[in-house]
Amino acid sequence: MKTLKDVKVGQTATVARLHGEGPVKRRIMDMGITKGVEILVRKVAPLGDPMELNVRGYELSVRKADAEMIEIQ
């Protein structure tokens, strides 16, 4: 299973599935990350946390722990 955490800077990935339970999964979905959405990884902080993404035309920063819950194709 490949997750968003594994995507390199400058690459685009499509969301296949969201993992996680309850409020955590809901928060990820509220940020616009749902099945079938394309995500571009713009930047990663020097220590790897957080990641800056481009989702649905806006910029979003997510923690590595949240990126591990997003399965990609």
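Any read-out appearing in this document is the output of simple, stated calculations on the displayed coordinates, not a laboratory observation. Being a predicted model, the structure only gives us computed values, none of them experimental. Here the Cβ positions follow ideal geometry from the backbone for every residue, glycine too, while neighbour counts run over all protein chains shown.
Below are the figures for this structure:
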{"read-out": "Residue list for the range 48-70, restricted to those being outside any strand (DSSP E or B), of a type outside the set (Asp, Glu), touching a residue at least 40 places away in the same chain (Cβ under 8 Å) and buried (at least 17 other Cβ atoms within 10 Å of the Cβ)", "value": "67, 69"}
{"read-out": "Of residues in the range 19-44 being assigned to a loop (DSSP other than H, G, I, E, B) and charged (D, E, K, R), the one surrounded by the fewest Cβ atoms within 10 Å (Cβ to Cβ)", "value": "21"}
{"read-out": "Pairs where the first residue, in the range 17-40, is free of Cβ contacts under 8 Å to residues at least 40 places away in the same chain and the second is aromatic (Phe, Trp, Tyr), C-beta under 9 Å, 6+ apart", "value": "32/58"}
{"read-out": "Hits in the range 10-57 (condition: among the hydrophobic types (A, V, I, L, M, F, W, C) and either in contact with a Lys or Arg (Cβ under 6 Å, 6 or more places away or on another chain) or on the phi > 0 side of the Ramachandran plot (or both))", "value": "15, 18"}
